[in-house]
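Novice: One structure is given below, represented as structure tokens, and several questions about it will come after.
The values are calculated or read from the model by the stated rules, or taken from the named source; none is laboratory data. Because the structure is predicted, anything quoted here is derived from the model rather than measured. As a convention, Cβ positions derive from the backbone with ideal geometry for all residues, glycine included, and neighbour counts pool all protein chains shown. The area values use the complete protein model at the heavy-atom level, side chains included, leaving out ligands, DNA and RNA. Shrake-Rupley method; radii C 1.70, N 1.55, O 1.52, S 1.80 Å.
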Amino acid sequence: MKASGTTTPLAPAPAVAQRKVSVGMVIELMLWLAVVCGATLLMSRYSNTPGNGGPATVVWPKESQILLDSRRPTLVMFAHPHCPCTRASLGELERLLAEVPGRLSACVVFLKPLGTCADWEKTDLWRKAASIPGVSVYADNAGSEARRFHSQTSGQTLLYNASGSLRFQGGITFARGHAGDNPGRTALQELLLEGHSNQVKTPVFGCALFEAQCQKGDILCKP
């Protein structure tokens, strides 16, 4: 006589269930690795993509309100006060001045777009620049000075001799936001210590000064 009642389904064999879990974990791991690798590649590409670096005006603009030193070279760095990449440029400038004391007059010119509030430009980057011994800091209202010198990217650095002739133009970092030895700072050292350099132009790694997004005071600037 057959037993009556419902039949209980058999549970999957332990080996089968374990195999399904393992396959799922492998798929999740592969997806995670793909996301991480993609993000790393994008960050690397962004970090190593220079901005528009000029060309700069070859003679010191007569209309400029920035003082040209008549006794020694003058270095001018243009900066966006909300550009995170510029912190490394300021660090390299500080290192350069420590390595060639008294050899040049240096200034950092911070963009202040039209319509921005009072002290919009006086960020921690402004305070950092102002704290570097021997550096003069300027507010560039409406970007007039940057336009006179044909500067378009934060961190662009120009060196003029005492007669106002351009000797160097470019950046002094090797990537966006990365400090360390780089061709720009090396070229400036050679020019200031030896009077010549084989490299007088380098890429500028920083945010755009005049890109539309950068003109707004409520967001960080964009590449």
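Novice: Please give, to one decimal in nm, the separation of the simple spin-label points placed at Ala98 and Leu193, each 7 Å out from Cα toward the Cβ.
Specialist: It works out to 1.5 nm between the two label points.
Novice: Report, to the nearest whole %, how much of the accessible area of the stretch 117-157 belongs to carbon and sulfur atoms, 1.4 Å probe, protein only.
Specialist: Details: 900 of 1840 Å².
Carbon and sulfur together cover 49 percent of it.
Novice: Moving to a separate point now. How would you order 105-115, 186-196 from highest to lowest mean count of nearby Cβ atoms within 10 Å? It would help to have the intermediate numbers written out before the result.
Specialist: On the way: 105-115: 20.6, 186-196: 16.4.
So the peptides 105-115, 186-196, ranked by packing, come out 105-115, 186-196.
Novice: Given R₀ = 22 Å, what would the calculated FRET efficiency be for Leu67 paired with Ser163, taking r from the Cβ atoms and rounding to 0.05? Don't jump to the answer; show the numbers that get you there.
Specialist: Numbers: r = 14 Å, r/R0 = 0.66.
Calculated transfer efficiency: 0.90.
Novice: On to the next question. With a 10 Å radius around each residue's Cβ, average the other Cβ atoms per peptide and rank 71-77, 57-63, 151-157, highest first.
Specialist: Details: 71-77: 19.9, 57-63: 12.7, 151-157: 29.0.
For the peptides 71-77, 57-63, 151-157, the packing ranking is 151-157, 71-77, 57-63.
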